[in-house]
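Trainee: Got a structure for you, written out below as structure tokens; questions coming shortly.
Any read-out appearing in this document is the output of simple, stated calculations on the displayed coordinates, not a laboratory observation. Remember, predicted model here, so these are calculated numbers, not experimental data. So basically every Cβ, Gly included, is an ideal-geometry build from the backbone, and we count neighbours across all protein chains shown.
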Amino acid sequence: MQVRVRFYGFVQDVAGASPHALDVPERSTLRNLLELLVERVGERLRERLFNKAGELEANVQVFIGDSQAGSLEELLGDDQRFGAEVKVFVLTATAGG
Amino acid sequence: MESAQVQDDRWIPTACGACYSVCALLVHRVNGTVVKIEGNPDSATNLGRLCPRGVSGIMTLYNPHRVDVPLKRTNPQKGLDIDPGWVEITWEEALEVVAARLKKIRQEDPRKLLLTGTVTTHDEVPFAKIFAMAFGTPNGWNSGAGNHCGTAEHLFGALLHASWSKQPDPDHCRYLLNFGTASGFGSYYCVSGMAQRIADARLRGMKHVAIDPFLSPSAEKADEWIPIRPGTDGALALALLYVLLHELNICDSDYLKHHTNGPYLIGDDGLYLRDAKEQLPLVWDPADGAAKPFNSATVRDFALEGEFSLDGARARPAFSLLKEHLKPFTPEWAEPITAIPAATIRRIAKEFGTEARIGSTIALDGKVLPYRPVAVMYFKGAQGHKNALLTCMALELLTEIVGASNVPGGLLGMNACSLGHPDTGGPKWIPHSDRDGLMVTGYWPNIPPPYPPKEVKEPETIDLRSMVPTCPGSSGALPVVMADPKRFKVPYEIEMNLHVGSNYLMTFANPKAVEAAFRNVFQVSFALFLDESTYLSDIVLPAASYLERLSHTADWMSSNSPVGEWCYHIRQPVVDPIAQRRSVCEVLLELAERMEMREDFYAFINLVLHLKEPYALDGANRYSWEEIVDRRHKSFFGEEHGLEWFKEHGLLKWPKKVEEVYWKPFSHARVPIYFEWFKPLGEKVKGMSQKLGIDLDTSAFQPLPEWRPCRSHRENGSDYDLYAIYYKFPMQTFSGTYDNPWLDEVSQIDRFAYRVAIHTETARRKGISEGDWMEIASVSSGNIIRGRAALTEGIHPEVIAIAGCGGHWSKFLPIANHEEKGLCFEWLMPVGLDNVDIPSLTQDQCVKVRVVKAKEQG
């Protein structure tokens, strides 16, 4: 199945501003999808998205359609949401105080 | 005025913007002209009260020295006092230049854009941060890193109080131990409302003990003033902890067992001992004589003291380690450091510990809660030193060991828990716990919050925050790194500074050194005035002031009152923008259009401002600023509470629930009294710094507090015998209000506002009399400043104190730029990492100086 992924914020310099279209196997998880993108884009994308334990960095938020993904193990296509664009936001703490 | 001539006579509700307290206003407009500003009595934030700055806003609105048109510099030379050679340009030309440059940088490397601002621009800077996020830069800096931000204090706000800042419970506190803050006395958050609430608290008998080198505007209203040597607050806190735990045996065991990591077992490596199966921190259950995961349902009791053996390894509860650690820190140890007699330290500890009333309860709204009516307050004064992290830790532990954290009478995180409006449930944030059982904030203005700890990464930001993730906000390292990014292995240089209203040249440290960091950057400033920092600008855009603009938000967690009612305000224009002034937020939206960045900007606006369907912005459509603000209000408060409703009513309020204000007894989240993760994080920072060849002192990353001397305690050059400190002055906000004629007038009436406080005896010894000119030379920066002496016995004999942030030199600020209009303290402070607390990246704000009588003319 084909998935469209778009990156926002402090990651576009690595992943680009245009959406990525990927073919992923049925019952793929969000982690599978992002790993495929790391393969395509390069390790700098991993550094922006993941910590060393392989979990999403705290400033990364992923949405499938309008719903925020709760876990990297979330299956794409659950809850009839598949088909919607996957949006990956990398937020930055432009400091306050 | 004859009534027949009056065509327009309205009182318009809006919100102040003269500081970060966001007091509610009623503005009287007659025939299109503002004639008076008063506090809005309906607001729970300021209770109708208003400070001199708020009343004087009218003089900022109509100040003839305001920037009224876009300007372009013609002089390519930049410098602190080099005239930029401003010429007027059109908005069209300005926006074309700015958009083209932004677009180019975004295409090449978005990290090369820096956003600078200040917290007083409550709506503009947060919205500009959204712009910066969409742009793709990680670089931002609020100039509060220097002389106004609490920096390390905010870190402990996140770790212990789920909040950016804290306040004493004004409804129930009976003993306020105040380490140099102006909370309730003239500045700090929620300023006017807290002034009323703390005045009421004093009337009902709350004792206020001020620990401060100077009998400041806050300390002069205390029941007792205890002068302390600057930068030694941590030593005093350690001695107080010693007396409480080792001499008086006072602590709240029940609180420590159930709401802190005090019972967590620590191994000889300083880390938690964890169970083999789930890797959860272990506690010792004395009832069963066994170690169990902290959250096991079988735990019948928690050991706080003792030594146990787990598979042959020594295990001690964190509280036990803390108590043992404190043994050297006796009052006799602290006396020569702090200059406070040991007997006074013992008396204060006893008063504090007794008034904590451990074991007592209070019933509020039918709920029985712990009653601990003592609070320890501190902010910039105690914190703004090289020893910031460990000082804050010691100060916080005073509150924690007596269980006075976020319970009635104690120290409250400001709006740490919000269950939302009764009709919509929004806005909502609730502290929760992580897998180790420790508290994670429900809301944090910078993303992400400091806990859980982030990984240490190579410097990708221009301020070392990616490498030192414990820095909670503005970094004291930015000017150092920005001046020489290659030295710090930052793979780019800042090319452009989007500068929203801060006067960073006067508020951080040595202006000459800060200027060197910014001189070669293309700077676009949104400005009210041509202040000193705009001397480095290439384009200046005339910004609308808070009385001329609409805001998407006039509130944040620390502007609301800590008790009473939730209260959300509108900020709306009371007059149309004068001349060619424009709202910063509207200009940013237009820039996004010109840069073809609308879709990204809207996506981040939806995310950060929580615009949910049906109020989310659609990137296919263009929205006006009014439409966006309308959607923001409706998304939080429902369809009936849109912009038009707020314009008419001014504010929306509802009562705070007991479980919101005093959230701790209702929460399972624990807070640390042993900061276990600091040590391994520090080792990672050290490893990274060694790898990159950067010399960083990471020794303060430790789980328990100490007191360490700052640079000012060690630098004792010949005749440099006095400490120079600055303090916040209630009549002025940072450096931004000194050209306001009314505030200038009241500042001239106050004997200390524009002069330098020096002890009478110290002055006599130096041959200095009241009103004499003094030369103040910094041992650290080498700079010399001049000011007139104000003699007083209300200051530590080793200290001189400088009010606020005067000493302007911009020729475009004709009211402020006279020698007798205060001093810019920052000339005395050096820029450099040896003046920065590395774990929090806090800039020290205390320095040794030589003071001599000077000639009348400079």
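Trainee: With both partners inside the range A:2-92, how many of the DSSP beta bridges are antiparallel, as a percent to the nearest 5?
Mentor: 70 percent
Trainee: Something else now. With +1 on the Cβ of every Lys and Arg and -1 on the Cβ of every Asp and Glu, and nothing else charged, how large is the dipole of the range B:176-251 about its Cα centre, in debye rounded to the nearest 20?
Mentor: Its charge dipole is roughly 200 debye.
Trainee: Here's a follow-up. Could you derive backbone 3J(HN,Hα) for the range B:164-175 from the dihedral phi with the Karplus parameters 6.51, -1.76 and 1.60 (θ = phi - 60°), listing whole Hz in sequence and x where the residue is Gly or Pro?
Mentor: 5, 8, 9, 9, x, 5, x, 7, 10, 5, 10, 8
Trainee: Could I ask something else about it? Normalise the Debye intensity by I(0) for the range A:2-92, one equal point scatterer per Cα, no solvent, then take log10 at q = 0.15, 0.17, 0.25 Å⁻¹ and round to two decimals.
Mentor: Per q value, in the given order, log10 I(q)/I(0) is -0.49, -0.64, -1.55.
Trainee: Could I ask something else about it? Starting from the Cα gyration tensor of the range B:139-288, take the square roots of the eigenvalues, sort them a ≥ b ≥ c, and report rounded, prolate or oblate (rounded when a/c is under 1.5, otherwise prolate if a/b is larger than b/c, else oblate).
Mentor: prolate
Trainee: How high is the relative contact order of chain A? Use alpha-carbon pairs under 8 Å, at least six apart in sequence, and give a whole percent.
Mentor: With pairs under 8 Å counted, the relative contact order is 38 percent.
Trainee: Still on this structure, please answer the following. What residue among A:Asn51, A:Ile64, A:Phe10 has its Cα farthest toward the positive end of the dipole of chain A, where the charges are +1 on Lys, Arg and -1 on Asp, Glu, each on the Cβ?
Mentor: Positive-end residue among those listed: A:Phe10.
Trainee: Continuing with the same structure: Taking +1 at the Cβ of each Lys and Arg and -1 at the Cβ of each Asp and Glu, which of B:Ser163, B:Pro138, B:Ser218 sits farthest along the dipole of the range B:119-221 towards its positive end, judged by Cα position relative to the Cα centre?
Mentor: B:Ser218
Trainee: Restricting attention to the range B:693-758, which trypsin sites (Lys or Arg not before Pro) occupy a DSSP loop and are surrounded by at most 15 other Cβ atoms within 10 Å?
Mentor: B:Arg751
Trainee: Using +1 on the beta carbon of Lys and Arg, -1 on that of Asp and Glu, and nothing else charged, what's the dipole of the range B:302-437 about the Cα centre, debye to 20?
Mentor: The calculated dipole for the range B:302-437 is roughly 220 debye.
Trainee: May I ask you to order B:731-741, B:199-209, B:818-828, B:469-479 by the average number of other C-beta atoms within 10 Å around their residues, highest value first?
Mentor: Ranked by mean Cβ neighbours within 10 Å, highest first: B:469-479, B:731-741, B:818-828, B:199-209.
Trainee: ³J(HN,Hα) across the range B:357-369 via Karplus (A = 6.51, B = -1.76, C = 1.60, θ = phi - 60°), whole Hz, x for Gly/Pro?
Mentor: Karplus-based 3J(HN,Hα) across the range B:357-369 equals 6, 4, x, 7, 10, 9, 9, 10, 6, x, 10, 8, 10 Hz.
Trainee: Using the C-alpha gyration tensor of the range B:1-117, what are the square roots of 5 times its eigenvalues, in whole angstrom, with the largest one first?
Mentor: Listed largest to smallest, the semi-axes of the range B:1-117 are 38, 21, 15 Å.
Trainee: Hey, another quick one. With a ≥ b ≥ c taken as the square roots of the eigenvalues of the C-alpha gyration tensor of the range B:125-191, please select rounded if a/c is under 1.5 and otherwise prolate if a/b is larger than b/c or oblate if it is not?
Mentor: It is prolate, given that a/c is not under 1.5 and a/b is the larger ratio.
Trainee: How crowded by other chains is B:106-112, given as the mean number of beta carbons from other chains within 10 Å of each beta carbon?
Mentor: Shielding by partners across B:106-112 averages 2.
Trainee: Can you give the helix-only mean residue ellipticity at 222 nm for the protein assembly as shown, where every DSSP H stretch with n ≥ 4 adds -39500 (n - 2.57) and the sum goes over all residues, rounded to the nearest 500 deg cm²/dmol?
Mentor: After summing the helix terms and dividing by residue count, I get -7000 deg cm²/dmol.
Trainee: Okay, next question. Sticking with the crude label model, points 7 Å out along Cα→Cβ, report the distance from B:Arg314 to B:Ser296 in nm, one decimal please.
Mentor: 2.3 nm
Trainee: Turning to a different aspect of this structure: At a 10 angstrom cut-off on C-beta neighbours, averaged per residue, how do the peptides B:434-447, A:54-67, B:530-543 rank from highest to lowest?
Mentor: In descending order of packing, they fall as B:530-543, B:434-447, A:54-67.
Trainee: So, one more: Restricting things to alpha carbons, find the Rg to Rh ratio for the range B:460-501 using the Kirkwood radius for Rh.
Mentor: That ratio equals 0.96.
Trainee: Averaged across A:9-16, how many Cβ atoms of other chains sit within 10 Å of each residue's Cβ atom?
Mentor: Mean partner shielding for this stretch: 5.
Trainee: Towards the positive end of the charge dipole of chain B, with charges on Cβ (+1 Lys, Arg; -1 Asp, Glu), say which of B:Phe526, B:Leu240, B:Leu50 has the farthest Cα.
Mentor: Checked the options; the winner is B:Leu240.
Trainee: Hey, another quick one. Just counting partner chain Cβ atoms within 10 Å, what average do the residues of peptide B:114-123 show around their Cβ?
Mentor: Counting Cβ atoms of other protein chains within 10 Å of each residue's Cβ and averaging gives 1.
Trainee: Also: Quote the convex hull volume per residue of the range B:433-537, based on C-alpha atoms, as a whole number of Å³.
Mentor: Spelled out: Cα convex hull of the range B:433-537, divided by residues, is 114 Å³.
Trainee: Next up: What are the GluC sites (Glu not before Pro) within the range B:721-804 that DSSP puts in a loop, where the Cβ has at most 10 other Cβ atoms within 10 Å?
Mentor: Passing sites in the range B:721-804 are B:Glu793.
Trainee: Mind running the shape call on the protein assembly as shown? Use the C-alpha gyration tensor, a ≥ b ≥ c as the square roots of the eigenvalues: rounded below 1.5 for a/c, prolate if a/b tops b/c, oblate otherwise.
Mentor: Here the protein assembly as shown falls in the rounded category.
Trainee: Antiparallel DSSP bridges in chain B: what percent, to the nearest 5?
Mentor: Taking every DSSP beta bridge within chain B, about 60 percent pair in antiparallel fashion.
Trainee: Moving on to the next point. Could you give the size of the charge dipole of the protein assembly as shown about its Cα centre, using +1 on the Cβ of each K and R and -1 on the Cβ of each D and E, expressed in debye and rounded to the nearest 20?
Mentor: It works out to roughly 1160 debye.
Trainee: If you take the Cα Rg of the range B:339-459 and divide it by 2.2 N^0.38 Å, with N the number of residues, what do you get?
Mentor: 1.32
Trainee: Report, by chain and number, residues whose modeled amide H sits under 5 Å from the one on B:Trp86, excluding near sequence neighbours (fewer than 5 apart, same chain).
Mentor: So B:Trp86 has HN proximity to B:Thr74.
Trainee: At what distance in angstrom do the alpha carbon centres of the range A:3-17 and the range B:412-462 lie from each other?
Mentor: The distance from the Cα centre of the range A:3-17 to that of the range B:412-462 comes to 25 Å.
Trainee: Same structure again: What is the P(r) of chain B, as percent of Cα-Cα pairs per 20 Å bin from 0?
Mentor: Calculated P(r), rounded to whole percents: 15, 50, 31, 4, 0.
Trainee: Express the relative contact order of chain B as a whole percentage, based on alpha carbon pairs under 8 Å and six or more residues apart in sequence.
Mentor: Once divided by the residue count of chain B, the mean separation gives 18 percent.
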